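Novice: This structure is in C-alpha cells; I'll ask about it shortly.
The values are calculated or read from the model by the stated rules, or taken from the named source; none is laboratory data. Predicted model only: the values in this text are computed from it and were never measured. Note: ideal-geometry Cβ built from the backbone for every residue, glycine included; neighbour counts use all protein chains shown. Side chains are part of the model used for accessible areas, which takes the heavy atoms of the whole protein and leaves out ligands, DNA and RNA. Shrake-Rupley method; radii C 1.70, N 1.55, O 1.52, S 1.80 Å.
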Amino acid sequence: MVSSSGKKKQNKKKNRRSTLGKLTNWHRGVFQAGSTRAAVTEEITGRDVIIIFLLILKAFKMDQTVSERRDEPQTDFIYCCGAVTEVLKFGSCQLHSGQKVLFLIIPGNPGVVGFYRTFMQTIHSMFGYQHPVWAVSHAGHCAPPDSMDMVEDSSSAAEMDVFGLNGQIEHKLEFLSKYVPKETSLVLVGHSIGCYIILKMMKRDPELKVIKAVMLFPTIERMAQTPQGKVMTPVLCQMRYVAYLPVFLLSLLPEGLKTSLVKLIFSGIKSLDQTVVQPTVGLLSGDCAANAMYMGGQEMRKVLERDNITIRNNLEKLIFYYGATDHWCPVQYYHNIKQDFPRGDFRLCENGFRHAFVLDMGREVARMVVGWIRADLRT
C-alpha cells in the first residue's frame, strides 16, 4: 500500500522522467543529421520548462556547494619535533605517492597559519583546486586543543631548542620528512622570517624537489639593523621577561573581551580581512606569544649576513618580493641583492602593500604569486 505522499513522490519522478525524455527527443530532433524540430511528435509544455529550469538550478547549487566545500580548509594538530603544530590544509589532507605538487606556506613570526587562510584559498582556487595548499605553523605558535599539551616531551623539546630559530628550521624539515612523500614537488612560499627558514631548508637538504620558492617581504639579513629591528631588539633580547607580564595579563581576559580588543587594535585598517581576527585572539594565549617572542629574540641575534651561497646555488628557483616601505627590510636591501645577483628574480612592491600583507591584502598578493609561477607548473 502506497501513502498519498508516496504517490506524490512517484508522480514527481514520472514527471521528471517524462520531461527529460521529451528534452532528449527534442535534442535529437534538432541535432540529428537530416531531421528537423517537426520530427519530434511530443511538445514541451510550460510545466516542462519550469521543471527543466528547476533541475538546472539544482545542478548549479550542487556545483556551488562543491566549490564551497573545496574552499573550506581542514585544520590538523600534530606533534612535530615534540612540539604542538597546527597545519592548515586546502585540498588533499593526506598526500599519496602520486601527488605531484604541494604548495607549502612557511609563515612569518608569529607563525600562526590562520593568518594565511585567504591567501591560501585564493591560490588553491586560482589553480583550479588541482594542487593542495598547506601551511605549517611554527612549533608552539598555536594554542593546543584540550587533548594535547604544548610539548609532548619537555626535556627533548628543551634539548632541541625547538622554539628557537634553528629548532624551527629543523621542525619544518622534520614535517616534510614525515608527511610529504619525497617525490612530491614543492612550491615553497615564505613570508618574512619564513624566507630565511626556506633558504636554510634548501641548504640543509639539497634533495628537496623545489620547483619555486617565493620569498615575500624577506627578512634574510641584518634584522637588528633595520628600523624595526632597532626598536624591537632591546624589547626581545634584553626586556623579554618584562614583556611577558602584559602578555600574561591579556591571556587572563575573557574571550569576548580579547576579541573586542583585537578588533579595536585593527580598527584603523580599512580593508581588514576578518579571518585574521580569531587567529590573533588565539595568539593572546600566554604560551603562544611567549614562544613567538623567544623566537624573535633569536632572529635579532642570528639573522646577520645574507646567505649568498645558497641564493646563488638556487637562483633560478627563487623569486623575491620586497616592500617599498618595509621597516623590517629596507629598500636598500633590495637594491643590494639585485646588484649582487643581476640575473635573479627580484621585485619591488609598487602597490603599497604592508609587511603584514595578510591583514588586508592576502587575496591580492596571492594573485600576484599565481601569475609569477603559473608557467612553471605547466612544464
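Novice: Out of segment 143-160, which residues are in a loop (DSSP other than H, G, I, E, B) and within 28 Å of LEU102 (Cα to Cα)? Before the answer, list the steps.
Specialist: Of segment 143-160, the ones in a loop (DSSP other than H, G, I, E, B) are 143-150, 152-153.
Those that are in a loop (DSSP other than H, G, I, E, B) and within 28 Å of LEU102 (Cα to Cα): ALA143, PRO144, PRO145, MET148, MET150, GLU152.
Novice: Under the condition of being touching a residue at least 24 places away in the same chain (Cβ under 8 Å) and farther than 15 Å from PHE127 by Cβ, which residue from segment 361-379 is surrounded by the fewest Cβ atoms within 10 Å (Cβ to Cβ)?
Specialist: This residue is MET361.
Novice: Moving on to the next point. Of the conditions (1) part of a loop (DSSP other than H, G, I, E, B); (2) on the phi < 0 side of the Ramachandran plot, GLY140 clears all except one; give me its number.
Specialist: Evaluating GLY140 over (1) part of a loop (DSSP other than H, G, I, E, B); (2) on the phi < 0 side of the Ramachandran plot leaves (2) as the failure.
Novice: State the number of residues belonging to segment 333-360 that are open to solvent by 50 Å² or more (accessible area, probe 1.4 Å) and in a loop (DSSP other than H, G, I, E, B).
Specialist: Of the residues in segment 333-360, 6 are open to solvent by 50 Å² or more (accessible area, probe 1.4 Å) and in a loop (DSSP other than H, G, I, E, B).
Novice: What number of residues within segment 96-116 satisfy the criterion of being part of a loop (DSSP other than H, G, I, E, B) and either open to solvent by 30 Å² or more (accessible area, probe 1.4 Å) or modelled with pLDDT of 95 or more (or both)?
Specialist: Residues meeting the conditions: 10.
Novice: Kindly list, by first and then second residue, each pair from a residue in segment 150-161 that is over 11 Å from VAL84 (Cα atoms) to a residue that is in a helix (DSSP H, G or I), limited to pairs with Cβ atoms under 6 Å and residues at least 6 apart or on different chains.
Specialist: Close Cβ pairs (under 6 Å, with a partner that is in a helix (DSSP H, G or I)) amount to MET160/GLY167; ASP161/GLY167.
Novice: Hey, among THR219, THR226, which residue is open to solvent by less than 70 Å² (accessible area, probe 1.4 Å), of a type outside the set (D, E, K, R) and over 23 Å from the mean Cα position of the chain (by Cα)? Before the answer, list the steps.
Specialist: Details: THR219 fails: over 23 Å from the mean Cα position of the chain (by Cα).
So the residue among THR219, THR226 that is open to solvent by less than 70 Å² (accessible area, probe 1.4 Å), of a type outside the set (D, E, K, R) and over 23 Å from the mean Cα position of the chain (by Cα) is THR226.
Novice: Determine which member of the set VAL231, VAL214 is closer than 28 Å to VAL365 by Cα, β-branched (Val, Ile, Thr) and surrounded by 19 or more Cβ atoms within 10 Å (Cβ to Cβ).
Specialist: Working: VAL231 fails: surrounded by 19 or more Cβ atoms within 10 Å (Cβ to Cβ).
So the residue among VAL231, VAL214 that is closer than 28 Å to VAL365 by Cα, β-branched (Val, Ile, Thr) and surrounded by 19 or more Cβ atoms within 10 Å (Cβ to Cβ) is VAL214.
Novice: Now a separate question. Taking SER147 as meeting all but one of (1) open to solvent by less than 10 Å² (accessible area, probe 1.4 Å); (2) at pLDDT below 95; (3) not aromatic (Phe, Trp, Tyr), write down the number of the exception.
Specialist: Of the numbered conditions (1) open to solvent by less than 10 Å² (accessible area, probe 1.4 Å); (2) at pLDDT below 95; (3) not aromatic (Phe, Trp, Tyr), the odd one out for SER147 is (1).
Novice: While we're on this one: Of the residues in segment 311-332, how many are aliphatic (A, V, I, L, M) and part of a helix (DSSP H, G or I)?
Specialist: First, pick out the residues of segment 311-332 that are aliphatic (A, V, I, L, M): 311, 315, 318-319, 324, 331.
With the extra rule that they be part of a helix (DSSP H, G or I), the set shrinks to 311, 315, 331.
The total comes to 3.
Novice: Moving to a separate point now. So if I check each of ALA135, ALA157, which one is open to solvent by less than 70 Å² (accessible area, probe 1.4 Å) and either within 24 Å of the chain's Cα centre (by Cα) or under 19 Å from CYS93 (Cβ atoms) (or both)? Step through it out loud before you land on a result.
Specialist: Working: ALA157 fails: either within 24 Å of the chain's Cα centre (by Cα) or under 19 Å from CYS93 (Cβ atoms) (or both).
Checking each option against the conditions leaves just ALA135.
Novice: Just give me the residues in segment 87-113 being under 14 Å from the mean Cα position of the chain (by Cα) and either more than 21 Å from THR219 (Cα to Cα) or among the hydroxyl-bearing types (Ser, Thr, Tyr) (or both), in sequence order.
Specialist: As a first pass, look at segment 87-113 and keep what is under 14 Å from the mean Cα position of the chain (by Cα): 87-93, 102-108, 111-113.
Passing the criteria: VAL87, LEU88, LYS89, PHE90, GLY91, SER92, CYS93, LEU102.
Novice: Tell me, which residue of segment 249-271 that is surrounded by 14 or more Cβ atoms within 10 Å (Cβ to Cβ) and free of Cβ contacts under 8 Å to residues at least 40 places away in the same chain is farthest from the chain's Cα centre (by Cα)?
Specialist: Selected residue: LEU253.
Novice: What are the residues in segment 63-79 that are modelled with pLDDT of 95 or more and not aromatic (Phe, Trp, Tyr), if any?
Specialist: Residues of segment 63-79 modelled with pLDDT of 95 or more: 74-79.
Of everything in segment 63-79, those that are modelled with pLDDT of 95 or more and not aromatic (Phe, Trp, Tyr) turn out to be GLN74, THR75, ASP76, ILE78.
Novice: Looking at segment 163-196 only, could you name the residues that are within 15 Å of TRP134 (Cβ to Cβ), of a type in the set (Val, Ile, Thr) and crowded, with 21+ Cβ neighbours inside 10 Å?
Specialist: VAL187, VAL189
Novice: Among the residues of segment 272-288, how many are hydrophobic (A, V, I, L, M, F, W, C), part of a helix (DSSP H, G or I) and free of Cβ contacts under 8 Å to residues at least 40 places away in the same chain?
Specialist: Taking segment 272-288 and keeping what is hydrophobic (A, V, I, L, M, F, W, C), we get 272, 276-277, 281, 283-284, 288.
Filter once more, so that each one left must be part of a helix (DSSP H, G or I): 276-277, 281, 283, 288.
Okay, now just the ones that are also free of Cβ contacts under 8 Å to residues at least 40 places away in the same chain, so 277, 281.
The number of residues fulfilling the criteria is 2.
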